[in-house]
Every structure is written in C-alpha cells, then in structure tokens.
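K.L.:
Dropping a structure here in structure tokens format, bear with me for questions.
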C-alpha cells in the first residue's frame, strides 16, 4: 500500500499541483517545501509535456516555459530525489501517457519507486486502456490514480471499484483553469463513488478560492488546486515560494 492514505487520515486533504521546472527546478523545489510546511497533505508534480490536452492556458504556459528552460523527465526525477531527503509527504506525478510510454513504462515506474513517488495520474489514459501501465505500477508500488468526470456517468461505479490511492473527481467539463462557480451535480457523482470505492476522493479543476475549497472538501475528502497556484507563482517572481506558502495556508484552513 502506498503512503497516499496518509494524506487523508482523519482530515480533509489539500492537494496543490505544480508544474516542475516553471520557472526552474530550484524554484519548484523551494515552492514544494514551502507548500508542505504550510499544510499541503499531498503534492501533485506535473512532468512537462509538449501537448498537455487536459490543461487550460495557464498550465499550458507553465509546460511551455519549463520545456523551453530545458526540463527533462530525468531532471524532474533528480529533483524529487533531492526533495525526498527533506520530506516524506506523499507525491503523485501528473503527466501524459506519451511521456511514460516514450521513456519506457518499466524504466519510468522503476525510477518512480526508487525516488519515492506514490502515485501517477495520466489524464489522457482511458480506463479501458489502463492495463498498458497497470502491471508496471503494481510491480513498483505506484498507485495508478483514476479520474472520474461528469461525463463518466454509467462508468463511475466501475472506475470507482478498481480505483487505487485516491480518486480524482473532475469538477466540470473542459480543461483545467479557475472558474467563478462550479455547477456540476457533484453530490450525486460522489454518492456513487462512496458506494463503490475503497479509497478517498478529492475534487479538482476550477478551484481557486478558500470558499470553493471549503465547499468541495465538504462534499468529498479533499480539494485539488492547480491553475490558481501556477498563476500566483507566475505573478510572484522571486517571492513565489513564500506567496505559495501563504496561499496554501489559507486554503488548508478553509
């Protein structure tokens, strides 16, 4: 069993997302440690990819800047190895199937095990095709995190039954990005998940304010925030680690 359950033990989990290497890996490392210090229960680390189809303009921009800055999967692995000397907070990679496939699934997941990655999220991997990576994930103790979207409808129960680590519930249709309000009937989706899953679920996509985080955490077991963090990081320059720490603190207390 991975350490992911620790993020949800007796509390609502706050899960920030950060694109590794935007603006550089040293800043990413400082930001991750600052977010953990201020209450992040699990951190999603984005491995940059040239065609991040699930992402809106904010995270797409972060991917482009990181790649332009020369960030590679191996450099991200090296950074995580450094981070592991300072924290045992659960880490989950968020990237795309092509990144794992082109690196070599066996080699990629061996590296994940060696550096202490607890799970992996591949937004473009359909449930029906997960067998391509699942055996390697199981072999190396890395949870393959399932996503459930408003369009999953009659597949929700099926996906929830086999889910590992935690379930990433997509709050709304479309790509990542902050939203002024979330109108999906999440309560009925969560109800089906609770009836079928053995693992917790957290809601992501569009959450940016403490009010939204509180609302989503009341419905589920936690809240996931990405675009709002990337935007704050972009606006804050050298002060980014400190600013992200303050932001995470306000979201976690909500």
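Only the coordinates and a few stated rules stand behind these numbers; no lab work does. It should be emphasised that the depicted structure is a prediction, and the values quoted were computed from it without experimental measurement. Note: ideal-geometry Cβ built from the backbone for every residue, glycine included; neighbour counts use all protein chains shown.
K.L.:
Calculate the spin-label point distance for residue 157 paired with residue 98, positioning each point 7 Å from the Cα along the beta-carbon direction, and give it in nanometres.
P.N.:
3.7
K.L.:
Please sort 154-162, 41-49 by packing, taking for each peptide the average over its residues of neighbouring beta carbons within 10 angstrom, highest first.
P.N.:
Ranking, from highest mean packing down: 41-49, 154-162.
K.L.:
Can you give the FRET efficiency for residue 86 and residue 106, using 1/(1 + (r/R0)^6), R0 = 25 Å, r = Cβ-Cβ distance, to the nearest 0.05?
P.N.:
0.30
K.L.:
Which of 72, 27, 95 comes first, and how do the rest follow, when ranked by fewest Cβ neighbours within 10 Å?
P.N.:
Starting with the residue having the fewest Cβ neighbours, the order is 72, 27, 95.
K.L.:
Next question. Do the sum for the chain: with -39,500 (n - 2.57) for every DSSP H run of n ≥ 4, divided by all residues, what is the mean residue ellipticity at 222 nm, to the nearest 500 deg cm²/dmol?
P.N.:
-13500 deg cm²/dmol
K.L.:
Evaluate the relative contact order of the chain (contact order divided by residue number), counting alpha-carbon pairs under 8 angstrom at least 6 apart; express in whole percent.
P.N.:
25
K.L.:
Could you tell me how far the Cα centroid of region 15-68 sits from the Cα centroid of region 181-240, in Å?
P.N.:
So the separation of the two Cα centres works out to 16 Å.
K.L.:
Please compute the length gained on full extension between residue 242 and residue 26, using 0.36 nm multiplied by the number of residues separating them and subtracting their Cα-Cα distance.
P.N.:
76.4 nm
K.L.:
I've got another one for you. In nm, what is the difference between 0.36 nm times the number of residues separating residue 68 and residue 128 and their Cα-Cα distance?
P.N.:
Stretched out fully, the residue 68 to residue 128 stretch lengthens by 18.2 nm.
K.L.:
With a 10 Å Cβ neighbour count serving as the proxy for reagent exposure, in which order, fewest first, do 233, 33, 134 appear?
P.N.:
Going from sparsest to densest Cβ surroundings: 134, 33, 233.
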